[in-house]
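The structure under discussion appears below in the form of structure tokens.
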Amino acid sequence: MKGLIFAIERCSLHDGPGLRTTVFLKGCPLHCHWCHNPESQSSYPELYFLHEKCTLCGACVKACPKKCHSLSVSNHDINRVLCAACGCCVSACPNSALELKGNQMDVWEVLEEVEKDRDFYVESGGGMTISGGEPMMQYEFTAELLAQSKKRGLHNCIETSGFAPMERYLKIRDDVDIFLYDIKESDPKRHLKYTGVDNRQIMENLFEIDKMGSKSILRCPIIPGLNDRESHLEEIAKLAGKLKNIVEINVMPYHPMGKAKSGRIGKKQPHESNDFTENEKVEKWIGFIGVRTTVPVKKG
């Protein structure tokens, strides 16, 4: 069984407890305006262009069977409509200016990479985290990867938007140690506006996951000007208070790297800010939530 993977990140310190290897799957039903990994949204491979590495040598033009690349004296254009993400130009580029985001890998190939840091997992209490995108978009692959990882004695986390049939979460619960559960917006209308989907199913699934005894960490991206209002921060604290098996709350500050990544796949991100969130502001959010709940609140 194979899954479409766009990255495997070793030595991760922010995707669950301890030192972890995070496996990023492509495909997501949400389209968040601030998405940090826009290359994760599509369920298909995508061509990723690092323009600063391009020397306009023309190797891609010669290699592309679809004639997607065109060069001028100072510019390199890619016709994304024609591009089949075949990878011919990637192989031909002598400067690594082109990458293919999305590679087919089977469970055993992924686990071979994950197990390279087994000794560090033991020492730190870490393990494997499956992220995305939305891992439940590739449910069968995700379930098999979790099951095989658990057979090898690894600690498993899965990061999820919660926007998937509850039956899928029920089937993987025995192989998941902690659910990293995204809470993007507490107001249903605003959630729909900024992510493209309503949050009713997301909230219902969270409470069902808690009822079945599974541990969770709430992952809360806070975006200045979009969801940093006090009423939303208060709702995060209230929500945490209703969960019996919650471990902690992670406040995830906005960074503009997703905007640059969008350009590399030929897209434009709706949220235009180029600013990183100041630490002082993040600490203020953490303090605001922290005094309203007994659940630990940390920067994610």
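The values are calculated or read from the model by the stated rules, or taken from the named source; none is laboratory data. This one's a predicted model, so the numbers in the text were calculated from it and none came from an experiment. Neighbour counts are summed over all protein chains in view; Cβ atoms, including those assigned to glycine, are modelled from backbone coordinates with ideal geometry.
Brief remarks follow.
- Meets criteria (over 20 Å from residue 161 (Cα atoms) and at pLDDT 95 or above) for residue 230: yes
- Exactly one residue out of 98, 71 is closer than 22 Å to residue 42 by Cβ, of a type in the set (A, V, I, L, M) and at pLDDT 95 or above, and it is 98.
- In the range 89-104, residue nearest to residue 69 (Cα to Cα) [restricted to those that are surrounded by 16 or more Cβ atoms within 10 Å (Cβ to Cβ) and not small (Gly, Ala, Ser)]: 89
- Meeting the requirement of 1 or more residues that are more than 26 Å from residue 276 (Cα to Cα), the strands (runs of 3 or more DSSP E) wholly within the range 9-125 are 46-49, 69-71, 76-78, 98-101, 103-106.
- Set 236, 222, 209, 249: member being touching a residue at least 60 places away in the same chain (Cβ under 8 Å) and either among the small types (Gly, Ala, Ser) or in the same structural domain as residue 159 (by TED's automatic domain parsing) (or both): 222
- Test: residue in the range 47-56 that is over 30 Å from the mean Cα position of the chain (by Cα) and at pLDDT 95 or above: yes
- Counting the residues of the range 1-40 that are aliphatic (A, V, I, L, M), closer than 23 Å to residue 215 by Cβ, surrounded by fewer than 23 Cβ atoms within 10 Å (Cβ to Cβ) and in contact with a strand residue (DSSP E or B) (Cβ under 7 Å, 6 or more places away or on another chain) gives 1.
- For the range 150-160, the condition holds for no residue, the condition being that it is assigned to a helix (DSSP H, G or I), crowded, with 22+ Cβ neighbours inside 10 Å and in contact with a strand residue (DSSP E or B) (Cβ under 6 Å, 6 or more places away or on another chain).
- Scanning the range 129-141 for residues that are within 14 Å of the chain's Cα centre (by Cα) and either of a type outside the set (A, V, I, L, M) or closer than 24 Å to residue 11 by Cβ (or both) gives 129, 130, 131, 132, 133, 134, 135, 138.
- Identity of the residue in the range 220-262, hydrophobic (A, V, I, L, M, F, W, C) and assigned to a loop (DSSP other than H, G, I, E, B), that ends up nearest to residue 210 (Cα to Cα): 243
- Meets criteria (under 24 Å from residue 267 (Cβ atoms), surrounded by fewer than 16 Cβ atoms within 10 Å (Cβ to Cβ) and without any contact (Cβ under 8 Å) to a residue 12 or more places away in the chain) for residue 119: no
- Matching residues in the range 189-219 - criterion: being in contact with a Leu (Cβ under 6 Å, 6 or more places away or on another chain), assigned to a helix (DSSP H, G or I) and of a type in the set (Val, Ile, Thr): 195
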